[in-house]
Amino acid sequence: MKNNRKLRLTKTSRTNFLTYLMVIVAFVVLNSMSNAGMLKSALQGQLVPICAYVTMALALNLTVGVLGELSLGHAGFMSVGAFAGAVAASAMRDAVAAEPVRLAIALVIGAAFAALAGVLVGIPVLRLNGDYLAIVTLAFGEIIKSIINNLYIGVDARGLHASFVQNTIALGDGGRMILSGPMGIPGVTKISTFTAGFILIMVTLVVIFNLVNSRSGRAIMALRDNRIAAESVGINVTKYKMMAFVTSAALAGAAGALFALGQNTIIASKFDFNQSILILVFVVLGGQGRMWGSIIAAAALTVLPELLREFADYRMLVYAIVLILVMLLTNNPTLKGFFEGLAAKVKKSEKGA
Amino acid sequence: MKKMIALLLALVMVFALVACGAKTETTETTETTEETATATAYKLGGVGPLTGGAAIYGNAAVNGAKIAVDEINALGGDIQFELNYQDDAHDAEKSVNAYNTLKDWGMQLFLGSVTSAPGVATSVEAQADNMFYLTPSASSTDVLGGVANPLTGTVDIERKANVFQLCFMDPNQGSASAQYIADKDLGENIAIIYKNDDVYSTGIYNSFIAKAEELGLNIVSTTTFTTDSQTDFSVQIADAKDNGADLVFLPMYYDAASLILTQANAIGYAPTFFGVDGMDGILTVEGFDTALAEGVILLTPFSADAEDEATVNFVTTYEAQFGETPNQFAADAYDCVYAIYAALQQAGATVDMTASELCDLLVATFTGGEFSYDGLTGAGMTWDETGAVTKAPKGMIIENGVYVGLD
């Protein structure tokens with residue numbers, strides 16, 4: 001029995017270790033290629049969004065795969081983080097000159113605001129059972145979109161000014177509007193870097209792996225597997241659900257801030273229902289609860305539409321078909337059996353030799 | 001077994017598509033080699049929504065630009081163009097990807113983005129690369145930068161020196177509309193319905209109310225809608241009607257406007273409707289009773305029914321090639337290509353120049369004060385350091401299903 005547990009532990013930590021290694025190797029290879037000027041501009045420009053989407057997929061996987069709750073509004077948390085982070089970075093433009101410091105502060109602020117939103121959504125909803133979280137997060141995403149579409153924020157020497165629905169801000173000398181309702185933030189200064197994105201992914205992985213492998217993590221997974229059994233042994237349902245959900249929201253907020261600060265302009269309608277579903281697709285394709293799967297799926301599906309540009313008008317059709325194919329192939333028992341058999345044969349022949 | 005069949009079918013589809021894609025690709029390359037046979041061509045790139053909800057604008061722009069490029073190449077002069085449009089699905093993030101793809105292709109001159117939000121994103125990239133940027137229809141002030149916000153009076157974005165617009169800037173349209181309504185005394189009580197999650201609509205609205213206040217226009221009703229709610233306008237129309245508005249200002253695209261006209265008619269409300277250039281195209285909406293558009297006034301730089309030779313030629317070619325009537329996006333893109341063509345000639349540019357050298361040359365030509373261009377969307381267009389175009393808006397009224405000049 002004891003032996004068994006030890007074996008299982010080593011297996012998860014080996015997977016975790018390989019996940020870290022995969023991210024590090026990918027970063028080192030891409031970064032050195034980028035420094036050597038070997039990357040095409042098209043891929044070069046996508047490095048930061050890829051990091052943001054990977055982090056988003058990891059964050060959502062914590063909710064969907066580990067906690068076992070469906071969130072259809074994770075783009076909402078991304079949006080909160082994106083706008084909070086970008087407004088903060090813009091307001092600090094003169095106060096904090098060093099870009100990496102400004103970026104780090106913006107990420108933390110983005111994460112904090114998204115966590116706050118996560119708490120507000122979670123308090124009433126996580127006490128309920130069933131599919132309520134899916135519905136409420138769906139509504140949450142739409143509400144956030146509406147709020148930001150009606151929010152005006154400007155900055156001048158006296159500090160930040162905000163107004164809602166109508167732009168009634170009077171700015172002093174040297175003032176400027178940061179967020180103009182439906183126009184979003186048209187003047188984002190790009191400060192996100194690939195290195196920052198890599199660090200964010202690593203931090204996300206550390207947070208998620210440590211949470212999952214902790215006592216709390218086991219409680220969370222027990223809730224996922226059988227809520228009644230978990231409750232009967234004294235696990236506080238709401239507390240552990242909140243823990244996972246708010247962590248997930250905070251990470252999504254940080255990803256949003258990284259994404260926004262890697263763009264020239266962001267508008268609220270970017271973070272719509274489709275965006276939430278896109279991230280859910282990353283998670284489902286990569287495998288629920290499988291972090292390395294989410295990383296690969298998010299990176300691949302972000303790059304894929306750009307690689308398919310030569311198909312011109314058929315591009316999105318090909319994209320959809322590739323998606324269906326991958327889903328079918330990865331879940332096909334015949335093929336799985338075939339590959340497993342192949343792997344076993346290779347192992348056997350290795351042993352024989 | 002069923003699954004295997006499904007898989008097989010999917011595989012067959014992919015291969016069929018790959019074959020199709022490859023085929024179109026080869027024809028494209030042969031086309032370009034033919035074009036480049038006479039002289040090496042300038043690589044002209046553009047980004048627009050070729051798929052998704054805004055695809056009608058992007059495709060119209062591509063078609064318009066294509067006609068201009070074909071015409072110029074047929075002249076066989078020193079200046080030849082090779083055109084490449086990439087899809088951005090009306091998304092700022094994808095537009096930057098599209099721009100980068102064009103850069104990898106070796107683009108020398110950039111026709112910018114077709115729509116506003118992506119236009120803001122690509123203009124920043126083009127500024128960083130010093131790539132000449134002339135957009136046919138991204139009308140937001142944030143594309144150019146350096147324009148004061150009509151509500152707060154602050155300059156929120158610095159001027160991007162190499163970015164120019166061929167269309168009217170949103171604030172110009174809003175203030176021109178208010179001015180026009182006041183000058184012609186078109187309405188006593190004015191209602192406004194605008195789309196408050198749209199850059200274009202909000203931009204025009206903001207400058208309209210700023211100007212209306214200045215002119216003392218009486219605004220009795222202001223209502224909004226969003227992308228998600230643009231199918232039912234009963235609340236907005238009822239509000240305008242109850243407040244006794246005799247003129248309704250509709251700063252929006254024609255798809256939403258056509259629904260407003262239909263629904264206003266259904267409750268027997270018939271004020272004067274006043275639109276801006278996005279209203280152009282309302283007569284071509286499928287299933288829309290054009291009788292409802294009788295008496296609608298719009299400010300637009302282009303009218304497909306104009307009788308001058310250039311417009312007639314363009315409309316005939318467009319209809320023959322694409323089977324539909326061109327809208328202002330097509331005309332704007334057509335003008336963009338010709339404006340660049342004229343500027344290249346005047347500046348004496350050569351095709352072996354880099355994008356950055358061409359950019360410096362064209363910016364100097366555009367802002368030099370001696371460059372002027374006559375096109376479909378206006379005669380004697382000029383540009384200055386602000387990047388905005390100077391041309392006269394035309395007031396049109398719809399009578400018997402065609403535009404008639406109001407002046």
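The values are calculated or read from the model by the stated rules, or taken from the named source; none is laboratory data. Note that the structure is a prediction, hence the values are computed from the model and not measured. Virtual Cβ from ideal backbone geometry, glycine too; neighbours counted across all protein chains shown.
Here are the numbers:
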{"quantity": "Identity of the residue in the stretch A:197-228, without any contact (Cβ under 8 Å) to a residue 40 or more places away in the chain and not in a helix (DSSP H, G or I), that ends up surrounded by the most Cβ atoms within 10 Å (Cβ to Cβ)", "calculated": "A:214"}
{"quantity": "Residue B:157 being over 20 Å from the mean Cα position of the chain (by Cα), within 14 Å of chain A (Cβ to nearest Cβ), closer than 21 Å to residue B:393 by Cβ and buried (at least 20 other Cβ atoms within 10 Å of the Cβ)", "calculated": "no"}
{"quantity": "Residue check, residue A:107 away from chain B (no Cβ under 13 Å), surrounded by 23 or more Cβ atoms within 10 Å (Cβ to Cβ) and part of a helix (DSSP H, G or I)", "calculated": "yes"}
{"quantity": "Enumeration of residues in the stretch A:121-157 that are more than 20 Å from residue A:177 (Cβ to Cβ), of a type in the set (Ser, Thr, Tyr) and without any contact (Cβ under 8 Å) to a residue 60 or more places away in the chain", "calculated": "A:132"}
{"quantity": "Residue B:207 among the hydroxyl-bearing types (Ser, Thr, Tyr), more than 14 Å from chain A (Cβ to nearest Cβ) and in contact (Cβ under 8 Å) with a residue 12 or more places away in the chain", "calculated": "no"}
{"quantity": "Residue count, the stretch B:162-193 (criterion: of a type outside the set (Val, Ile, Thr), at pLDDT 90 or above and more than 19 Å from residue B:139 (Cβ to Cβ))", "calculated": "2"}
{"quantity": "Helices (runs of 4 or more DSSP H) wholly inside the stretch B:119-222 containing at least 1 residues that are in contact with a Lys or Arg (Cβ under 8 Å, 6 or more places away or on another chain) and over 30 Å from residue B:107 (Cβ atoms)", "calculated": "B:170-184, B:199-215"}
{"quantity": "Flag for residue A:78 being buried (at least 18 other Cβ atoms within 10 Å of the Cβ), closer than 28 Å to residue B:98 by Cβ and in contact with a His (Cβ under 9 Å, 6 or more places away or on another chain)", "calculated": "no"}
{"quantity": "Every residue from the stretch B:223-235 that is in a strand (DSSP E or B), among the hydroxyl-bearing types (Ser, Thr, Tyr) and within 24 Å of residue B:398 (Cβ to Cβ)", "calculated": "B:223"}
{"quantity": "Tally of residues being outside any loop (DSSP other than H, G, I, E, B) and not aromatic (Phe, Trp, Tyr) across the stretch B:334-372", "calculated": "23"}
{"quantity": "Options A:282, A:271, A:245: the member that is surrounded by 18 or more Cβ atoms within 10 Å (Cβ to Cβ) and within 14 Å of another protein chain (Cβ to nearest Cβ)", "calculated": "A:271"}
{"quantity": "Residue list for the stretch B:305-333, filter: farther than 26 Å from residue B:49 by Cα, in contact with a strand residue (DSSP E or B) (Cβ under 9 Å, 6 or more places away or on another chain) and assigned to a helix (DSSP H, G or I)", "calculated": "B:310"}
{"quantity": "From the options B:104, B:70, residue that is surrounded by fewer than 21 Cβ atoms within 10 Å (Cβ to Cβ), away from chain A (no Cβ under 13 Å) and without any contact (Cβ under 8 Å) to a residue 12 or more places away in the chain", "calculated": "B:70"}
{"quantity": "Considering residues of the stretch A:145-167 that are more than 8 Å from chain B (Cβ to nearest Cβ), surrounded by 12 or more Cβ atoms within 10 Å (Cβ to Cβ) and at pLDDT below 85 only, the residue nearest to the chain's Cα centre (by Cα)", "calculated": "A:165"}
{"quantity": "Qualifying residues in the stretch A:303-318 (those that are hydrophobic (A, V, I, L, M, F, W, C) and closer than 17 Å to residue B:105 by Cα) - the one surrounded by the fewest Cβ atoms within 10 Å (Cβ to Cβ)", "calculated": "A:307"}
{"quantity": "Among the candidates B:93, B:25, B:34, B:82, residue that is more than 11 Å from chain A (Cβ to nearest Cβ) and either at pLDDT below 85 or part of a helix (DSSP H, G or I) (or both)", "calculated": "B:34"}
{"quantity": "Matching residues in the stretch A:184-207 - criterion: being farther than 14 Å from residue B:154 by Cβ and facing chain B (nearest Cβ under 10 Å)", "calculated": "A:184, A:185, A:188, A:189, A:190"}
{"quantity": "Search result, residues across the stretch B:357-380 that are within 18 Å of residue B:160 (Cα to Cα), polar (S, T, N, Q) and in contact with a strand residue (DSSP E or B) (Cβ under 7 Å, 6 or more places away or on another chain)", "calculated": "B:367"}
{"quantity": "Verdict on residue B:201 being within 13 Å of chain A (Cβ to nearest Cβ), out of contact with any helix residue (DSSP H, G or I) (no Cβ under 7 Å at 6 or more places or on another chain) and in contact (Cβ under 8 Å) with a residue 12 or more places away in the chain", "calculated": "yes"}
{"quantity": "Criterion: without any contact (Cβ under 8 Å) to a residue 60 or more places away in the chain, in a helix (DSSP H, G or I) and surrounded by 17 or more Cβ atoms within 10 Å (Cβ to Cβ) - qualifying residue of B:238, B:245, B:264, B:256", "calculated": "B:264"}
{"quantity": "Qualifying residue in the stretch A:158-165 (condition: among the hydrophobic types (A, V, I, L, M, F, W, C) and within 24 Å of residue A:55 (Cα to Cα))", "calculated": "no"}
{"quantity": "Check on residue B:101, hydroxyl-bearing (Ser, Thr, Tyr), over 27 Å from residue B:357 (Cα atoms) and modelled with pLDDT of 60 or more", "calculated": "no"}
{"quantity": "Looking only at the stretch A:289-330, and only at residues there that are aromatic (Phe, Trp, Tyr) and farther than 20 Å from residue A:59 by Cα, the one that is farthest from the other protein chains (Cβ to nearest Cβ)", "calculated": "A:319"}
{"quantity": "Those residues of the stretch B:160-198 which are within 11 Å of another protein chain (Cβ to nearest Cβ) and buried (at least 22 other Cβ atoms within 10 Å of the Cβ), in sequence order", "calculated": "B:170, B:194, B:195, B:197, B:198"}
